[in-house]
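Below is one structure, written out as structure tokens; comments come after it.
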Amino acid sequence: MLMNKTETALVNSPPRRWLQRFYETQVLLRFGGRLLPEARALEIGCGSGYGTQLVLERFGAGSVDAVDLDPAMIERASRRLAHHRDRVRLAQGSATDLRAALNADDGGYDAVFDFAIVHHIPDWRAAIAEVARVLTPGGRFYFEEVTAHALARPIYQRLFDHPTEDRFTAEQFLDELAHHGLVVLGSVTRIRGDYLLGVAAKPVLAGSDG
Ligand SMILES: C[S@@+](CC[C@H](N)C(=O)[O-])C[C@H]1O[C@@H](n2cnc3c(N)ncnc32)[C@H](O)[C@@H]1O
């Protein structure tokens with residue numbers, strides 16, 4: 001589901017950018033660490049491309065593919081990331097079908113980033129299944145999410161548009177990761193039951209050379 005005007009303004013505001021750069025990125029780096037210089041990363045729901053810029057500059061990815069459902073966001077991201085053109089591929093499409101959006105193969109990415117996007121997707125389980133599918137064994141899923149608890153708050157209900165059914169608690173989100181074989185590294189940061197941040201890895205299978 002696309003953001004409304006209020007959420008678009010808030011998500012792209014200086015305070016949110018500050019939080020993303022100086023809080024969310026620090027927490028995710030603490031759990032998951034930096035990537036190798038040749039790492040191929042994917043950002044789902046890239047919005048205006050600020051997260052993609054952080055994935056390149058702060059997480060150290062070699063290249064980033066980024067997808068968003070909203071063509072207007074892809075347009076904004078392509079302006080922001082013009083100076084990284086040789087390392088970024090942008091596509092309009094859904095995180096629930098990364099084959100259609102990016103022709104993404106199984107195991108094609110070393111890391112996937114979710115900066116507050118899965119709660120926008122009605123079939124959020126399909127998005128998690130896609131994350132697990134496209135991660136290479138040993139690859140990492142960096143997530144920052146908003147729970148049903150937050151979405152039920154009057155401020156969220158009044159100001160923003162989100163799917164109203166089948167929203168997830170922190171436990172349901174983490175259970176879905178486990179259902180797809182993703183293992184949380186260390187612990188998860190939870191903020192009042194409203195937000196969760198963490199990193200989960202796709203295990204390397206015994207006998208594989210990954
Ligand atoms: C809250 S915004 C977060 C944007 C960006 N990650 C950030 O932190 O600034 C959610 C984004 O998810 C996108 N989105 C919603 N449903 C999507 C889907 N099914 N697939 C990909 N992107 C989607 C929206 O267009 C929007 O840009």
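The values are calculated or read from the model by the stated rules, or taken from the named source; none is laboratory data. This is a predicted model, so every value here is computed, not measured. Methodologically, a virtual Cβ is constructed for each residue, glycine included, from the backbone with ideal geometry; neighbour enumeration extends over all protein chains shown. Accessible surface is based on the protein model in full, side chains and every heavy atom, while ligands, DNA and RNA are left aside. Shrake-Rupley method; radii C 1.70, N 1.55, O 1.52, S 1.80 Å.
Quick notes
- For region 12-29, the set of residues classified as touching a Ser or Thr at 6+ places or on another chain (Cβ under 9 Å) and either open to solvent by 10 Å² or more (accessible area, probe 1.4 Å) or in a loop (DSSP other than H, G, I, E, B) (or both) consists of 12 only.
- Of all residues in region 34-81, those being more than 8 Å from the ligand (Cβ to nearest atom), aliphatic (A, V, I, L, M) and not in a loop (DSSP other than H, G, I, E, B) number 10.
- Restricting attention to region 140-170, the residues being under 20 Å from residue 189 (Cβ atoms), within 15 Å of the ligand (Cβ to nearest atom) and in a loop (DSSP other than H, G, I, E, B) number 3.
- Tabulated pairs, region 62-79, first within 22 Å of residue 96 (Cβ to Cβ) and open to solvent by less than 60 Å² (accessible area, probe 1.4 Å), second charged (D, E, K, R) and assigned to a helix (DSSP H, G or I), C-beta under 7 angstrom, 6+ apart or interchain: 64/87
- Among the conditions (1) open to solvent by less than 20 Å² (accessible area, probe 1.4 Å); (2) touching a helix residue (DSSP H, G or I) at 6+ places or on another chain (Cβ under 9 Å); (3) in a loop (DSSP other than H, G, I, E, B); (4) of a type outside the set (S, T, N, Q), residue 1 misses just one, which is (1).
- Of residues in region 159-210 being open to solvent by 70 Å² or more (accessible area, probe 1.4 Å) and small (Gly, Ala, Ser), the one nearest to residue 148 (Cα to Cα): 186
- The one condition in (1) more than 9 Å from the ligand (Cβ to nearest atom); (2) open to solvent by less than 40 Å² (accessible area, probe 1.4 Å) that residue 90 fails to fulfil: (2)
- Any hit, region 97-106, residues being more than 26 Å from residue 174 (Cα to Cα), of a type in the set (Lys, Arg) and more than 8 Å from the ligand (Cβ to nearest atom): no
- Count of region 5-37 residues, restricted to those that are of a type in the set (A, V, I, L, M, F, W, C) and more than 16 Å from residue 143 (Cβ to Cβ), is 6.
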